[in-house]
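Asker: Sharing a structure here in structure tokens format.
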Amino acid sequence: METGQTIWPAESQPTAAATRVETMRMAQAREAALSRLFMAYISTGLVFMLLPGTFLGVWNLLQISGRESVALVSPAWLQAHGHAQVFGWIGSFIFGIGFYSIPKFRGTMKPALGTAWVCWAMWTIGVAARWMANIYLVQWRLLLPLSAALELTAFLIFFRMVSQHQPETSGKGRLEPWVWVVISASVGLMLTLIANLAACIYLALRNESPALSHILDQRYLTLMTWGFLVPFVWGFSTKWMSLFLGLKPVRPRLLFSALAVNFAGVALTLMGWGAQATVFFVVGTILIIAALRMFEPARQEAKTRGVHPSFPFFVRMAYGWLLVAALLGVGAALWDSSGGIWGASRHALTVGFIAVMVLCVGQRILPAFASMRLLWSIRLMFIGLLLLTLGCALRVSSEALAYQDYANWAWSVLPVSAFLELAGITAFAMNIFGTFILEPSHAQKQPLVVRIK
Ligand code: HEM
């Protein structure tokens, strides 16, 4: 007899049913642990979004409006806001969704939870350290490269973990198109983080302040937005929008063409042909809209159970904003003399496209991932999206007019736009926190693997 082997008296041998119950119990415990990790990432993202992200964005805009010039506001503060939104908010969300869903969709239930928590700590400390360096200038020559190194390391751990989960029972062999789009976006994120580290080391060694120069910042922002954020949203749209909106099947050739044209635009910008690249972004956007068949009649009804019925409208509108952002980019390359048209283009992209999509898709999927909860308030979802969209429309239209000195009254519209957006973003955060804290989990009653229907 082997030592440690359990000897069961004949009458208490575990039955097949008891073993099944035990297996279920362990799987549910793992599911609960994974959901806790997921909620930690999402909650961290929401805190970054609200405080260092949106509050600082509003503060910056109030200062710009008060002084009637963007040039009189600290570039380190502007960049701190962008970093908190893109990495603190969107980055944390991507990590949380990635850790939660990829291992499952790929057939295994054993994500290395400890490593995922270490990754969370590194990422969170990295983003927070950047905030301290840029805003308070505390030991910024040390904190800047340290924060960038932590962020890059956390990403590399994340990337390794999610990419080593091979499908166990996949008979398909080939990866689906959406996976390629997400992989390309992940490469974009990695390049952005490498560029960020290189820039931070350079600033720490050579610069008088923790802010990138205007020219470097413009290129870096293009890599971050068109090279990372945009393809991520395209990837998840390819995966989910046919199902959620009932669209006709995606056209893969157009999808890959959109991706190729878009990355060509990013490469051109990095080589210093930013003005020419703007045309590539317009073409890439038109191609992706055609590939996803976003504005074609749907083949079946949209699935809006658990979310507000306006969900399909806002998703389509987000793609409208993407087109506006791309077209404004061309306008900026031709006429911008103050940063106003560039700012309007970037805002149409970051708020109109990215944030609206996150508010739509996030409220559709996050409650289910958090131990099968329901969204706290469907009405609040609509209110948040409406306020954010109104704010974005006011901002994008008045920013170019004000900064370019086309219309002086537009300066007084900008603060209104900032408060509307702040209210919209706050409604989203309240709804997700309300879901996590106040809504009961239905995980015990559901099958263990969450599928989005
Ligand atoms: C919700 C309210 C927001 C407000 C009031 C706001 C405000 C601002 C302001 C005033 C600037 C300075 C440049 C300019 O004048 O246009 C800026 C830049 C920027 N914003 Fe926002 N923003 C908001 C949301 C967002 C979101 C949701 C994202 C990303 C997901 C974002 C990402 C950025 C980036 C990347 C920059 C460029 C920073 C740089 O110059 O390096 N913003 N924002």
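Asker: Could you line up Trp59, Trp409, Trp120 from fewest to most neighbouring Cβ atoms inside 10 Å?
Answerer: Ordered by Cβ neighbours within 10 Å, fewest first: Trp409, Trp59, Trp120.
Asker: Binned at 20 Å from 0, what are the whole-percent values of the Cα-Cα distance distribution for the chain, short to long?
Answerer: 24, 57, 15, 3, 0
Asker: Still on this structure, please answer the following. Show me 299-311, 144-156 ranked by packing, highest mean number of other Cβ atoms within 10 Å first. Kindly include the intermediate steps, with their values, before the conclusion.
Answerer: Numbers: 299-311: 15.6, 144-156: 21.3.
Top of the packing list down: 144-156, 299-311.
Asker: Explain nothing, just the number: dipole magnitude of the chain about its Cα centre with +1 on each Lys and Arg Cβ and -1 on each Asp and Glu Cβ, in debye rounded to the nearest 20.
Answerer: 1160 debye
Asker: Explain nothing, just compute: Karplus ³J(HN,Hα) = 6.51 cos²θ - 1.76 cosθ + 1.60, θ = phi - 60°, for every residue of region 284-290 in order, whole Hz, x for Gly and Pro.
Answerer: Those phi angles translate into x, 5, 4, 5, 5, 5, 5 Hz.
Asker: Could you give the alpha-carbon Rg of region 28-165 over 2.2 N^0.38 Å, rounded to two decimals? Let's see the in-between values first.
Answerer: On the way: Rg = 17.0 Å, N = 138, 2.2 N^0.38 = 14.3 Å.
It is 1.19.
Asker: Also, quick follow-up: Once the other residues with Cβ under 15 Å from the Cβ of Ala277 are scored (Lys, Arg +1; Asp, Glu -1), what is the net sum?
Answerer: Once positives and negatives cancel, what remains is +1.
Asker: Give the residue from Ala195, Gly306, Ala318 lying farthest towards the positive end of the charge dipole for the chain; charges sit on Cβ (+1 for Lys and Arg, -1 for Asp and Glu) and the dipole is referred to the Cα centre.
Answerer: Gly306
Asker: Turning to a different aspect of this structure: Lys/Arg Cβ at +1, Asp/Glu Cβ at -1, dipole of the chain taken about the Cα centre: which of His83, Ser338, Tyr406 is farthest positive-ward?
Answerer: His83
Asker: Show me the ranking of peptides 184-191, 250-257 by mean Cβ neighbours inside 10 Å, starting with the highest.
Answerer: 184-191, 250-257
Asker: Further, regarding this structure: Remind me, relative contact order of the chain in percent, using alpha carbon pairs under 8 angstrom and six or more residues apart?
Answerer: Relative contact order, the chain: 14 percent.
Asker: Next question. At a 10 Å Cβ-Cβ cut-off, how would you order Phe314, Phe99, Phe55, fewest neighbours first?
Answerer: Phe55, Phe314, Phe99
Asker: Something else about it: Whole-Hz Karplus ³J(HN,Hα) for region 356-361, in order, using 6.51 cos²θ - 1.76 cosθ + 1.60 and θ = phi - 60°, x for Gly and Pro?
Answerer: 3J(HN,Hα) across region 356-361, in whole Hz: 4, 5, 5, 5, 6, 5.
Asker: Here is a further query. What shape does region 151-279 take by its C-alpha gyration tensor, where a ≥ b ≥ c are the square roots of the eigenvalues and a/c under 1.5 counts as rounded, a/b above b/c as prolate, and the rest as oblate?
Answerer: Oblate, since a/c reaches 1.5 and b/c is not below a/b.
Asker: Pairs of alpha-carbon atoms within less than 8 angstrom and 6+ residues apart define the contacts here; what relative contact order does region 28-165 have, in percent?
Answerer: Relative contact order comes out at 28 percent.
Asker: Once the dipole of the chain is set up with Lys and Arg at +1 and Asp and Glu at -1 on Cβ about the Cα centre, which of Phe236, Gly272, Met49 lies farthest towards its positive end?
Answerer: Phe236
Computed from the coordinates by the stated procedures, all read-outs in this text should not be read as laboratory data. If you're wondering where the values come from, they're calculated on a predicted model, not measured in any experiment. With ideal geometry, Cβ positions are generated from the backbone for all residues, glycine too; neighbour counts draw on all protein chains shown.
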